[in-house]
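Report on the structure given below.
Throughout, read-outs are computed from the coordinates displayed, never taken from laboratory work. Just so you know, these numbers come straight off a predicted model, no measurement behind them. Please note: Cβ atoms are built from the backbone with ideal geometry, for glycine as well, and neighbour counts cover all protein chains shown.
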Amino acid sequence: MSDITLQNRRILLGVCGGIAAYKSAELVRLLVKKGAEVRVVMTAAAQQFVGELTFQALSANPVHTKLIDLESELGVATGEDTVTGMGHIELARWADLILVAPATADLLSRHTAGRADDLLAAVLLASRAPKLFAPAMNMEMWSNSATQQNISKLTERGVRIVGPASGEQACGDVGLGRMVEPDQIVEEVSAKFSTGALQGESLVITAGATREPLDPVRFISNRSSGKMGFAIAQAAVDAGAKVTLIAGDCALDTPDFVKRVVVESAEQMMSAVEEVIENATLFIGTAAVADYRPAKYKQHKIKKSADTMTIELVKNRDILAEVAARKNSPYSVGFAAETENLATNGEGKRRSKGVDIVAANLVGGEDSPFGSDENEVTLYWDGGEKLLKRSSKTDIARQLIEFIGLRVREQKEELEKK
Ligand SMILES: Cc1cc2nc3c(=O)[nH]c(=O)nc-3n(C[C@H](O)[C@H](O)[C@H](O)COP(=O)(O)O)c2cc1C
């Protein structure tokens, strides 16, 4: 089996009523072993073939069987922690991928027709997640033009069909119709999460603005929203990394599977980084860390008096440069927000801080990325530069993670050669 893990992946397995349903138990075991979180939806027919309890025990999650279930709808109706409710819409949103194995002729037909008459059909219809079907049926059922037309339509709509395989069937016939073996299905599932660019990497990322307190009610800060850093944290999780996100003031939800550490000042951010950096293989500094902080923090609110006022500032430690200068430093990437001379300043920052990549962007103009959902960055590394053209921060984050993954692999290969 490939070494791509399914860590951080949520897989919804639909089990239909066919003889091959017994093989789905092994499928759950293999998916869980690869790190996936698995939830199982069984059709009514499937429950005649295999017991719900088997899937519950193997997935360590409750098995879902009913479309109309008062208890399951509770979370949706109240708007509270809807994931616990796990109504069909929640299940549809929860899944990173929906795998149906075995997929019966009937299920293929129902999904082709867009029906939603049981839980599995409804979830399939309601979900935008990629779908993978492993059909299993008698060879005549498979070769029937009705089934074949359904398969063509499903393929056209982007459903990936795995198998069926040829061989001896439960009914005694020999031909095409057997479900492909669970380990092969797991391979197909792993391939769906193609990026895997940061498999096995452990990332520490900083994001957002720091706040440098003057007194109990005032602070010095900046316009960084943290959106870019949060998007990168999400993209890194999607690429298989273990992610710790050290964030200043950001009104953003923590991406799933990301460990978030909340800090306020640059000093707190530095301490939080020092606590976790030892085990990190990657560091990305997207936070807009204040260069200076007030020299003195006043215990009580500063009163208005003279017409002018001077605040003495002292330099903060440089988190990025210190991380990059560590012995056995992680692969380090910094962000540079510049108002002019992007190339000179970006490349200059890379050299002066001793980091592997600087992602530089122009700020302050009409297209300033602060608070925006879009960005455009130029990457500078030893020996090259690359423009990631204006796009959503989600998209820029994915491209950046792919690129970092590539550079990290290249660097490892070079080290192995030496
Ligand atoms: C013993 C037995 C074995 C069956 N095996 C299959 C099968 O391998 N593939 C299939 O498409 N249908 C098979 N069927 C028919 C399905 O169980 C039937 O079409 C059912 O409605 C499927 O429901 P579901 O798609 O909601 O699970 C079998 C039926 C029986 C009684």
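Details
- Judged by the mean number of other Cβ atoms found within 10 Å, the most tightly packed of the peptides 222-228, 51-57 leads the ranking 222-228, 51-57.
- Springs join every pair of Cα atoms under 10 Å in this Gaussian network model of the chain, and among Glu37, Glu187, Glu402 the largest mean-square fluctuation is at Glu187.
- Note on Lys386: lysines with a C-alpha under 19 Å away, same-chain residues under 8 apart excluded, are Lys349.
- Over the chain: helical MRE at 222 nm, DSSP H runs n ≥ 4 each giving -39500 (n - 2.57), nearest 500: -10500 deg cm²/dmol
- Exposure proxy order (Cβ contacts within 10 Å, fewest to most) of Lys353, Lys296: Lys296, Lys353
- Most simply put, the chain has about 35% antiparallel DSSP beta bridges, counting only bridges with both residues inside it.
- Sorted by Cβ density within 10 Å, fewest first, the residues Leu342, Leu91: Leu342, Leu91
- Fraction of beta bridges assigned by DSSP in the stretch 202-417 that are antiparallel (%, nearest 5): 40
- Per residue, the average separation of C-alpha pairs within less than 8 Å and at least 6 apart gives the stretch 10-192 a relative contact order of 22 percent.
- Within the listed set Val333, Val40, Val363, the Gaussian network model of the chain (springs between alpha-carbon atoms below 10 Å) gives the highest mean-square fluctuation for Val363.
- Working from Cα pairs under 8 Å separated by at least six residues, relative contact order for the stretch 285-418 is 15 percent.
- Whole-Hz Karplus values for the stretch 199-214 come out as 3, x, 8, 10, 10, 10, 10, 9, 8, x, 9, 8, 10, 9, x, 9 Hz, taken residue by residue from phi with 6.51 cos²θ - 1.76 cosθ + 1.60 and θ = phi - 60°; glycine and proline positions read x.
- Over 32 Å apart at the Cα level, from the set Lys131/Lys259; Lys23/Lys259; Lys259/Lys417, are Lys23/Lys259; Lys259/Lys417.
- Residues Trp142, Trp381 in ascending order of nearby Cβ atoms (within 10 Å, fewest first): Trp381, Trp142.
- Listed residues Tyr380, Tyr292, Tyr331, most fluctuating in the chain (Gaussian network, C-alpha, under 10 Å): Tyr292
- Once backbone amide H atoms are built at 1.01 Å from N, Leu176 has Gly167 as its partners under 5 Å, excluding neighbours fewer than 5 places away on the same chain.
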